[in-house]
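The values are calculated or read from the model by the stated rules, or taken from the named source; none is laboratory data. Remember, predicted model here, so these are calculated numbers, not experimental data. Neighbour counts run over all protein chains shown; Cβ positions are idealised from the backbone, glycine included. SASA here: full protein model, heavy atoms, side chains in, ligands and nucleic acids out. Shrake-Rupley method; radii C 1.70, N 1.55, O 1.52, S 1.80 Å.
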Amino acid sequence: MLMVSLMIATKCWAWLSSGSAAMLGSLTDSMLDISASMMSFLVLSYALRPADDDHRFGHGKAEALAGLGQAAFIAGSACLLAFHGVERIFNPVELGQSLLGVWVSLFAIVCTLLVVFVQHQVVKRTQSIAVKADALHYKGDILLNIAVLIAILLSYYGVQYADPIFAIGVAGYLLYNCWDIAKESADHLMDKELPDDEKNEIILLASSHEDVFGVHELRTRQSGKVKFIQLHLELDDNLPLIRAHHVADEVVQSIEAAFEGEVDVLIHQDPVSLAVNANAS
(Lines give C-alpha, C1' and ligand atoms only; values in the text may rest on other atoms or scores of the structure.)
Protein backbone atom coordinates (compact mmCIF):
# COMPACT_ATOMS: atom_id res chain seq x y z
CA MET A 1 0.00 0.00 0.00
CA LEU A 2 2.88 2.37 0.85
CA MET A 3 4.60 1.74 -2.50
CA VAL A 4 1.41 2.45 -4.45
CA SER A 5 0.80 5.63 -2.42
CA LEU A 6 4.30 6.84 -3.30
CA MET A 7 3.67 6.11 -6.98
CA ILE A 8 0.40 8.06 -6.91
CA ALA A 9 2.07 11.09 -5.30
CA THR A 10 4.96 11.15 -7.79
CA LYS A 11 2.72 10.54 -10.82
CA CYS A 12 0.36 13.31 -9.72
CA TRP A 13 3.34 15.66 -9.45
CA ALA A 14 4.61 14.61 -12.88
CA TRP A 15 1.17 14.97 -14.50
CA LEU A 16 0.57 18.46 -13.05
CA SER A 17 4.07 19.54 -14.14
CA SER A 18 4.03 18.03 -17.65
CA GLY A 19 0.34 17.90 -18.62
CA SER A 20 0.94 14.46 -20.18
CA ALA A 21 -2.24 12.53 -21.00
CA ALA A 22 -0.29 9.27 -20.87
CA MET A 23 0.94 10.15 -17.38
CA LEU A 24 -2.66 10.94 -16.41
CA GLY A 25 -3.56 7.45 -17.63
CA SER A 26 -0.80 5.94 -15.51
CA LEU A 27 -1.96 8.01 -12.52
CA THR A 28 -5.55 6.84 -13.05
CA ASP A 29 -4.36 3.25 -13.17
CA SER A 30 -2.41 3.62 -9.92
CA MET A 31 -5.41 5.19 -8.18
CA LEU A 32 -7.49 2.24 -9.35
CA ASP A 33 -4.77 -0.09 -8.06
CA ILE A 34 -4.85 1.30 -4.54
CA SER A 35 -8.66 1.28 -4.52
CA ALA A 36 -8.65 -2.36 -5.67
CA SER A 37 -5.98 -3.29 -3.10
CA MET A 38 -7.96 -1.71 -0.27
CA MET A 39 -11.11 -3.47 -1.48
CA SER A 40 -9.25 -6.77 -1.72
CA PHE A 41 -7.97 -6.38 1.85
CA LEU A 42 -11.45 -5.68 3.21
CA VAL A 43 -13.06 -8.43 1.16
CA LEU A 44 -10.41 -11.03 2.01
CA SER A 45 -10.90 -10.41 5.72
CA TYR A 46 -14.53 -11.42 5.17
CA ALA A 47 -14.05 -14.09 2.48
CA LEU A 48 -11.51 -16.03 4.58
CA ARG A 49 -13.91 -16.42 7.48
CA PRO A 50 -14.77 -20.07 8.15
CA ALA A 51 -18.22 -21.42 7.33
CA ASP A 52 -20.95 -20.59 9.84
CA ASP A 53 -24.63 -21.42 10.40
CA ASP A 54 -25.76 -18.83 7.83
CA HIS A 55 -23.05 -19.57 5.26
CA ARG A 56 -22.45 -23.32 5.33
CA PHE A 57 -20.28 -23.21 2.19
CA GLY A 58 -18.11 -20.37 3.48
CA HIS A 59 -17.81 -16.75 2.38
CA GLY A 60 -15.55 -17.20 -0.65
CA LYS A 61 -17.93 -15.69 -3.21
CA ALA A 62 -17.41 -12.28 -1.62
CA GLU A 63 -14.16 -12.17 -3.63
CA ALA A 64 -16.05 -12.61 -6.89
CA LEU A 65 -18.51 -9.85 -5.98
CA ALA A 66 -15.59 -7.53 -5.24
CA GLY A 67 -14.01 -8.51 -8.57
CA LEU A 68 -17.14 -7.45 -10.48
CA GLY A 69 -17.15 -4.15 -8.62
CA GLN A 70 -13.49 -3.56 -9.50
CA ALA A 71 -14.15 -4.37 -13.15
CA ALA A 72 -17.03 -1.89 -13.40
CA PHE A 73 -14.96 0.84 -11.74
CA ILE A 74 -11.96 0.22 -14.02
CA ALA A 75 -14.14 0.19 -17.16
CA GLY A 76 -15.66 3.59 -16.31
CA SER A 77 -12.24 5.16 -15.68
CA ALA A 78 -10.85 3.66 -18.90
CA CYS A 79 -13.66 5.21 -20.96
CA LEU A 80 -13.05 8.65 -19.41
CA LEU A 81 -9.32 8.33 -20.14
CA ALA A 82 -10.03 7.35 -23.76
CA PHE A 83 -12.24 10.42 -24.21
CA HIS A 84 -9.46 12.59 -22.77
CA GLY A 85 -6.93 11.07 -25.18
CA VAL A 86 -9.19 11.68 -28.19
CA GLU A 87 -9.70 15.28 -27.08
CA ARG A 88 -5.92 15.74 -26.90
CA ILE A 89 -5.55 14.48 -30.48
CA PHE A 90 -7.80 17.29 -31.74
CA ASN A 91 -6.40 19.84 -29.26
CA PRO A 92 -2.74 18.90 -28.73
CA VAL A 93 -0.83 20.38 -25.79
CA GLU A 94 2.94 20.75 -25.66
CA LEU A 95 4.38 18.83 -22.72
CA GLY A 96 6.54 20.45 -20.08
CA GLN A 97 8.98 18.90 -17.58
CA SER A 98 9.41 15.79 -19.75
CA LEU A 99 12.50 14.62 -17.85
CA LEU A 100 10.50 14.62 -14.63
CA GLY A 101 8.00 12.27 -16.29
CA VAL A 102 10.85 9.99 -17.35
CA TRP A 103 12.24 9.70 -13.80
CA VAL A 104 8.80 9.17 -12.31
CA SER A 105 8.09 6.37 -14.82
CA LEU A 106 11.37 4.65 -13.92
CA PHE A 107 10.56 4.99 -10.22
CA ALA A 108 7.08 3.51 -10.84
CA ILE A 109 8.58 0.52 -12.67
CA VAL A 110 10.85 -0.32 -9.71
CA CYS A 111 8.00 0.07 -7.18
CA THR A 112 5.69 -2.12 -9.28
CA LEU A 113 8.29 -4.87 -9.50
CA LEU A 114 8.49 -4.94 -5.69
CA VAL A 115 4.69 -5.05 -5.35
CA VAL A 116 4.42 -7.92 -7.87
CA PHE A 117 7.04 -9.93 -5.99
CA VAL A 118 5.19 -9.59 -2.66
CA GLN A 119 1.81 -10.45 -4.23
CA HIS A 120 3.27 -13.49 -5.95
CA GLN A 121 4.31 -14.84 -2.54
CA VAL A 122 0.81 -14.21 -1.15
CA VAL A 123 -0.89 -15.98 -4.10
CA LYS A 124 1.36 -19.04 -3.64
CA ARG A 125 0.18 -19.34 -0.02
CA THR A 126 -3.52 -18.40 -0.27
CA GLN A 127 -4.61 -19.06 -3.90
CA SER A 128 -6.78 -15.94 -3.52
CA ILE A 129 -8.66 -14.84 -6.65
CA ALA A 130 -8.74 -11.22 -5.51
CA VAL A 131 -4.98 -11.07 -4.92
CA LYS A 132 -4.33 -13.03 -8.13
CA ALA A 133 -6.38 -10.50 -10.12
CA ASP A 134 -4.56 -7.65 -8.38
CA ALA A 135 -1.17 -9.23 -9.15
CA LEU A 136 -2.09 -9.76 -12.80
CA HIS A 137 -3.00 -6.10 -13.07
CA TYR A 138 0.28 -4.98 -11.49
CA LYS A 139 2.27 -7.17 -13.90
CA GLY A 140 0.61 -5.34 -16.76
CA ASP A 141 1.44 -2.05 -15.03
CA ILE A 142 5.12 -2.70 -15.66
CA LEU A 143 4.46 -2.62 -19.42
CA LEU A 144 2.12 0.33 -18.90
CA ASN A 145 4.82 2.40 -17.19
CA ILE A 146 7.28 1.50 -19.94
CA ALA A 147 4.71 2.66 -22.53
CA VAL A 148 4.26 5.98 -20.69
CA LEU A 149 8.03 6.40 -20.59
CA ILE A 150 8.24 5.86 -24.37
CA ALA A 151 5.33 8.27 -24.98
CA ILE A 152 6.99 11.06 -22.99
CA LEU A 153 10.34 10.51 -24.74
CA LEU A 154 8.68 10.57 -28.17
CA SER A 155 6.82 13.77 -27.29
CA TYR A 156 10.09 15.29 -26.04
CA TYR A 157 11.67 14.60 -29.44
CA GLY A 158 8.79 16.16 -31.35
CA VAL A 159 6.34 13.31 -32.00
CA GLN A 160 3.30 15.41 -31.09
CA TYR A 161 0.57 12.78 -31.11
CA ALA A 162 2.49 10.10 -29.19
CA ASP A 163 1.15 11.20 -25.80
CA PRO A 164 -2.62 11.07 -26.56
CA ILE A 165 -2.27 7.91 -28.66
CA PHE A 166 -0.51 6.13 -25.81
CA ALA A 167 -3.20 7.42 -23.43
CA ILE A 168 -5.85 5.74 -25.61
CA GLY A 169 -3.71 2.61 -25.61
CA VAL A 170 -3.62 2.67 -21.80
CA ALA A 171 -7.42 2.93 -21.79
CA GLY A 172 -7.62 -0.13 -24.04
CA TYR A 173 -5.27 -2.01 -21.70
CA LEU A 174 -7.46 -1.17 -18.71
CA LEU A 175 -10.59 -2.37 -20.52
CA TYR A 176 -8.85 -5.63 -21.45
CA ASN A 177 -7.86 -6.21 -17.81
CA CYS A 178 -11.31 -5.44 -16.44
CA TRP A 179 -12.84 -7.93 -18.92
CA ASP A 180 -10.56 -10.69 -17.58
CA ILE A 181 -11.41 -9.82 -13.97
CA ALA A 182 -15.16 -9.67 -14.69
CA LYS A 183 -15.10 -12.99 -16.57
CA GLU A 184 -13.27 -14.85 -13.79
CA SER A 185 -15.54 -13.34 -11.14
CA ALA A 186 -18.65 -14.29 -13.11
CA ASP A 187 -17.37 -17.87 -13.52
CA HIS A 188 -17.14 -18.22 -9.74
CA LEU A 189 -20.54 -16.68 -9.10
CA MET A 190 -22.13 -18.97 -11.72
CA ASP A 191 -20.46 -22.07 -10.23
CA LYS A 192 -18.48 -22.90 -13.36
CA GLU A 193 -16.98 -26.39 -13.40
CA LEU A 194 -13.30 -26.90 -12.63
CA PRO A 195 -10.98 -27.26 -15.66
CA ASP A 196 -11.22 -30.56 -17.57
CA ASP A 197 -7.71 -31.67 -16.56
CA GLU A 198 -8.62 -31.34 -12.88
CA LYS A 199 -11.90 -33.22 -13.38
CA ASN A 200 -10.09 -36.00 -15.22
CA GLU A 201 -7.58 -36.22 -12.39
CA ILE A 202 -10.42 -36.54 -9.86
CA ILE A 203 -12.01 -39.38 -11.85
CA LEU A 204 -8.64 -41.12 -12.20
CA LEU A 205 -7.91 -40.85 -8.47
CA ALA A 206 -11.33 -42.19 -7.48
CA SER A 207 -11.30 -45.01 -10.06
CA SER A 208 -7.82 -46.15 -9.06
CA HIS A 209 -9.07 -47.45 -5.70
CA GLU A 210 -9.21 -51.26 -5.73
CA ASP A 211 -12.82 -51.39 -4.47
CA VAL A 212 -14.21 -48.79 -6.91
CA PHE A 213 -15.78 -50.09 -10.13
CA GLY A 214 -16.53 -46.67 -11.60
CA VAL A 215 -17.40 -43.02 -11.03
CA HIS A 216 -20.37 -40.98 -12.23
CA GLU A 217 -22.31 -37.77 -11.49
CA LEU A 218 -19.12 -35.73 -10.98
CA ARG A 219 -19.93 -32.12 -10.12
CA THR A 220 -17.39 -29.42 -9.28
CA ARG A 221 -17.21 -25.72 -8.53
CA GLN A 222 -14.98 -23.25 -6.74
CA SER A 223 -15.81 -20.58 -4.17
CA GLY A 224 -12.88 -18.42 -3.17
CA LYS A 225 -9.96 -20.76 -2.54
CA VAL A 226 -12.18 -23.76 -1.75
CA LYS A 227 -12.86 -26.37 -4.46
CA PHE A 228 -16.12 -28.26 -3.99
CA ILE A 229 -16.28 -31.76 -5.48
CA GLN A 230 -19.27 -34.12 -5.53
CA LEU A 231 -19.30 -37.61 -7.09
CA HIS A 232 -20.87 -41.07 -6.94
CA LEU A 233 -18.73 -44.18 -6.40
CA GLU A 234 -19.81 -47.53 -7.90
CA LEU A 235 -19.13 -50.26 -5.31
CA ASP A 236 -19.78 -54.00 -5.02
CA ASP A 237 -23.42 -54.78 -4.18
CA ASN A 238 -22.38 -56.97 -1.23
CA LEU A 239 -19.74 -54.66 0.20
CA PRO A 240 -20.41 -54.09 3.96
CA LEU A 241 -21.56 -50.59 4.85
CA ILE A 242 -18.56 -50.02 7.12
CA ARG A 243 -16.18 -50.95 4.30
CA ALA A 244 -18.04 -48.68 1.85
CA HIS A 245 -17.61 -45.86 4.35
CA HIS A 246 -13.86 -46.50 4.60
CA VAL A 247 -13.52 -46.65 0.81
CA ALA A 248 -15.18 -43.24 0.49
CA ASP A 249 -12.88 -41.80 3.17
CA GLU A 250 -9.81 -43.17 1.39
CA VAL A 251 -10.93 -41.66 -1.93
CA VAL A 252 -11.51 -38.30 -0.22
CA GLN A 253 -8.01 -38.39 1.28
CA SER A 254 -6.40 -39.17 -2.09
CA ILE A 255 -8.25 -36.26 -3.76
CA GLU A 256 -7.37 -33.82 -0.95
CA ALA A 257 -3.71 -34.84 -1.16
CA ALA A 258 -3.62 -34.21 -4.91
CA PHE A 259 -4.95 -30.63 -4.85
CA GLU A 260 -3.41 -27.52 -3.34
CA GLY A 261 -5.53 -25.40 -1.04
CA GLU A 262 -8.81 -26.36 0.56
CA VAL A 263 -10.97 -29.11 -0.97
CA ASP A 264 -14.49 -30.05 0.12
CA VAL A 265 -15.38 -33.53 -1.18
CA LEU A 266 -18.86 -35.09 -0.90
CA ILE A 267 -19.22 -38.75 -2.00
CA HIS A 268 -22.32 -40.89 -2.52
CA GLN A 269 -21.91 -44.68 -2.67
CA ASP A 270 -23.96 -46.62 -5.25
CA PRO A 271 -24.26 -50.41 -5.71
CA VAL A 272 -22.58 -51.17 -9.02
CA SER A 273 -25.63 -53.06 -10.35
CA LEU A 274 -27.87 -50.00 -9.91
CA ALA A 275 -25.23 -47.75 -11.44
CA VAL A 276 -24.92 -50.00 -14.50
CA ASN A 277 -28.72 -50.10 -14.96
CA ALA A 278 -28.95 -46.32 -14.59
CA ASN A 279 -26.20 -45.76 -17.15
CA ALA A 280 -27.83 -48.22 -19.57
CA SER A 281 -31.17 -46.42 -19.39
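Which of the residues that make up segment 235-249 are open to solvent by less than 70 Å² (accessible area, probe 1.4 Å) and either among the small types (G, A, S) or more than 16 Å from F213 (Cβ to Cβ) (or both)?
Hits for segment 235-249 are A244, A248, D249.
Here's the yes/no breakdown for (1) at pLDDT below 75; (2) open to solvent by 10 Å² or more (accessible area, probe 1.4 Å); (3) small (G, A, S):
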{"position": "I129", "(1), (2), (3)": "yes, yes, no"}
{"position": "I142", "(1), (2), (3)": "yes, yes, no"}
{"position": "I150", "(1), (2), (3)": "no, yes, no"}
{"position": "G158", "(1), (2), (3)": "yes, yes, yes"}
{"position": "A162", "(1), (2), (3)": "yes, no, yes"}
{"position": "I168", "(1), (2), (3)": "no, yes, no"}
{"position": "A171", "(1), (2), (3)": "no, no, yes"}
{"position": "L174", "(1), (2), (3)": "no, no, no"}
{"position": "D187", "(1), (2), (3)": "no, yes, no"}
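Does K192 qualify as being surrounded by fewer than 16 Cβ atoms within 10 Å (Cβ to Cβ) and under 38 Å from the mean Cα position of the chain (by Cα)?
Considered against the rule, which asks whether it is surrounded by fewer than 16 Cβ atoms within 10 Å (Cβ to Cβ) and under 38 Å from the mean Cα position of the chain (by Cα), K192 comes out as yes.
With the structure loaded, tell me whether K183 is in contact with a Ser or Thr (Cβ under 8 Å, 6 or more places away or on another chain), basic (K, R) and closer than 23 Å to E262 by Cα or whether it fails that test.
no
Which numbered condition in (1) outside any helix (DSSP H, G or I); (2) modelled with pLDDT under 70 is the only one that F57 fails?
(2)
Kindly check whether there is at least one residue in segment 197-204 that is free of Cβ contacts under 8 Å to residues at least 12 places away in the same chain, outside any helix (DSSP H, G or I) and surrounded by fewer than 15 Cβ atoms within 10 Å (Cβ to Cβ).
no
What's the number of the only condition in (1) at pLDDT 75 or above; (2) crowded, with 19+ Cβ neighbours inside 10 Å; (3) closer than 30 Å to L266 by Cα that V43 fails to meet?
V43 satisfies every listed condition except (1).
Looking at E256, E217, which is the one that is at pLDDT below 95, touching a Leu at 6+ places or on another chain (Cβ under 8 Å) and either in a helix (DSSP H, G or I) or at positive phi (or both)?
Criteria check complete, one pass: E217.
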